[in-house]
Structure formats: structure tokens, C-alpha cells
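For reference, the structure is listed below as C-alpha cells.
The values are calculated or read from the model by the stated rules, or taken from the named source; none is laboratory data. Here the structure is a predicted model, which means the values were calculated and not measured. Note that each Cβ is placed from the backbone with ideal geometry, even for glycine, and that neighbours are counted across all protein chains shown. Heavy atoms of the whole protein, side chains included, go into the accessibility calculation; ligands, DNA and RNA do not. Shrake-Rupley method; radii C 1.70, N 1.55, O 1.52, S 1.80 Å.
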Amino acid sequence: MEKFKKQLVTSNCIYWLFIALSIIGAVLVVVFSPNHRDGNGTVGFFAAMIAISVINIHRNRKALKNEKLLKEMYINSVDERKKQITLQSAKASFFIILASMLIASIVFRFISMTVSIVLTCCMMFILIVYFAVTAYYNKKM
């Protein structure tokens, strides 16, 4: 259980890093954006990162203070059934997203060649990462 507590403390440190980087990023976008309306989406993204990090820090601190909640979080993190469900949903989502990008790339070929090329490059990058990670885990296991 001590190892899991250290893991939560490390997670909190990473969340604090995300908050700091998000604040710096938002400030840089606001300062260097010639038209402040251009950066609204980016600032919104940084605000969402801050909000998610704060929520996770709060959850982790609450668990570190409450032994029952800590035990429940530990059980959820090592539950094989939940891991298998997450793995299967991630696998299905990956192929659905890839197929959607392929269809979008074909459709945008008739609308905008630039968008089609960008989507194709994104698909190729995703596939390269997928095959690299698969090869890594095949060697590791």
C-alpha cells in the first residue's frame, strides 16, 4: 500500500507540473496572440487541463487522508476485470478512429486536398506509433 501512496504523491507532482505548464502556455498565448480571439480555443484547452489536474489532485489528497478510500482506489487500479475492459475498449476505439480518419480523408480528397493530406499523414503517424509500440511490447513480453 505504501508503494501506491508514493504513486499518488508522484501523480500529484505531475499534475502540479501540468498546471504550471498550462498557466505558462495560456499566458504566452494571450501575450503573443495579435488578436486575442485567435487564442480562445488554446486558452480553453489550457483551462481544461488546469481543471482536470485540480480535480485529480483533490481526489488523490482525499484518498491519502482516508484509508478506506485509498484501499478502494488501490483495488480499482489493480482490478483485472477493469483492466481487460479498458484494453478492449481502447482497442475498439483505436480501430474506429482509424477507420473514421480514413473515410474522412477520402471524403476531403474531393473538398480540400490539404486536409486530405494532413489526415493521411496523421493516420500514417498513428500506424507507425502503433507498430512501434506493438514491437516494443512483443520484445518486452
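For region 44-53, check the following and say yes or no: at least one residue is open to solvent by 70 Å² or more (accessible area, probe 1.4 Å), more than 19 Å from the chain's Cα centre (by Cα) and more than 27 Å from Val133 (Cα to Cα). Scanning region 44-53, I find no residue that is open to solvent by 70 Å² or more (accessible area, probe 1.4 Å), more than 19 Å from the chain's Cα centre (by Cα) and more than 27 Å from Val133 (Cα to Cα), so the answer is no. Taking region 126-141 as the range and being open to solvent by 60 Å² or more (accessible area, probe 1.4 Å) and in contact (Cβ under 8 Å) with a residue 24 or more places away in the chain as the test, only Tyr130 passes. Screening Leu98, Leu17 for residues that are on the phi < 0 side of the Ramachandran plot and open to solvent by 60 Å² or more (accessible area, probe 1.4 Å) leaves exactly one candidate, Leu17.
Before we move on, is Phe4 in contact with a helix residue (DSSP H, G or I) (Cβ under 6 Å, 6 or more places away or on another chain), open to solvent by less than 90 Å² (accessible area, probe 1.4 Å) and touching a residue at least 60 places away in the same chain (Cβ under 8 Å)? It is true that Phe4 is in contact with a helix residue (DSSP H, G or I) (Cβ under 6 Å, 6 or more places away or on another chain), open to solvent by less than 90 Å² (accessible area, probe 1.4 Å) and touching a residue at least 60 places away in the same chain (Cβ under 8 Å).
Considering the conditions (1) farther than 29 Å from Ile19 by Cβ; (2) surrounded by 11 or more Cβ atoms within 10 Å (Cβ to Cβ); (3) more than 20 Å from the chain's Cα centre (by Cα), Ile85 is excluded by exactly one of them, (3).
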